[in-house]
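Have a look at the structure below, then the notes.
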Amino acid sequence: MIRVSVTGTDKLLAALQKAEKKLQDGVNREMDAAVMEINAKQIAATPVDKGILRAGNRYDITKPLTKVIFNRVEYAPYQEFGTGGLVNVPQGLEAEAEIFRGAGKRQINMSPQPFFYRPYFEEIPKLLKAVENILK
């Protein structure tokens, strides 16, 4: 399973916890909208064979100010980053990709077919701008 989490937002979350309910609700709505947009883009970009990988793109927006985006399919990381000599890990995702490194028992070269992180990186600046506008 691969997941997205935002780090470095502890100060922002602490400030939001102290903020008025109206501000919290506004930020939460923006986060929900961003997650749904990311998920829609992930689904559109997911390679399709039988549709299992595409159907694995999910999200959880039930907790206020805490959102989770994930793909529940076991082989999703290998589609995202590739395998063998064809692995391509975007800068900043090295630690995430390292979790899925194989033991080297067999060599399977599969080109990466990124679908999961790109929409996230596209939408986060828009979300941050929207949150900044709410907090002004």
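Checked against (1) in contact with a strand residue (DSSP E or B) (Cβ under 8 Å, 6 or more places away or on another chain); (2) in a helix (DSSP H, G or I), K126 passes all but a single condition, namely (1). The residue pairs whose first member lies in the stretch 87-115 and is closer than 18 Å to F70 by Cβ, whose second member is polar (S, T, N, Q) and open to solvent by less than 90 Å² (accessible area, probe 1.4 Å), and whose beta carbons are closer than 9 Å, counting only pairs six or more residues apart or on different chains, are Q113/T46; Q113/Q79; P114/Q79; F115/Q42; F115/T46; F115/N57; F115/N71; F115/Q79. Quick one: would you say R118 is open to solvent by 50 Å² or more (accessible area, probe 1.4 Å), part of a helix (DSSP H, G or I) and in contact (Cβ under 8 Å) with a residue 12 or more places away in the chain? When the stated conditions are applied, R118 passes them. Looking only at residues in the stretch 15-32 that are open to solvent by 50 Å² or more (accessible area, probe 1.4 Å) and of a type outside the set (D, E), the one that is modelled with the highest pLDDT is R29. Kindly indicate whether F81 is free of Cβ contacts under 8 Å to residues at least 40 places away in the same chain, open to solvent by less than 50 Å² (accessible area, probe 1.4 Å) and not basic (K, R). Yes; evaluated as a whole, the condition is true for this residue. Within the stretch 58-80, the set of residues being touching a Leu at 6+ places or on another chain (Cβ under 8 Å) and of a type in the set (F, W, Y) comprises Y75 only.
The values are calculated or read from the model by the stated rules, or taken from the named source; none is laboratory data. Everything quoted here is computed from the prediction, not taken from an experiment. All Cβ positions, glycine included, derive from the backbone under ideal geometry; neighbour counts span all protein chains shown. Calculation scope for accessible area: heavy atoms of the full protein, side chains included, ligands and nucleic acids excluded. Shrake-Rupley method; radii C 1.70, N 1.55, O 1.52, S 1.80 Å.
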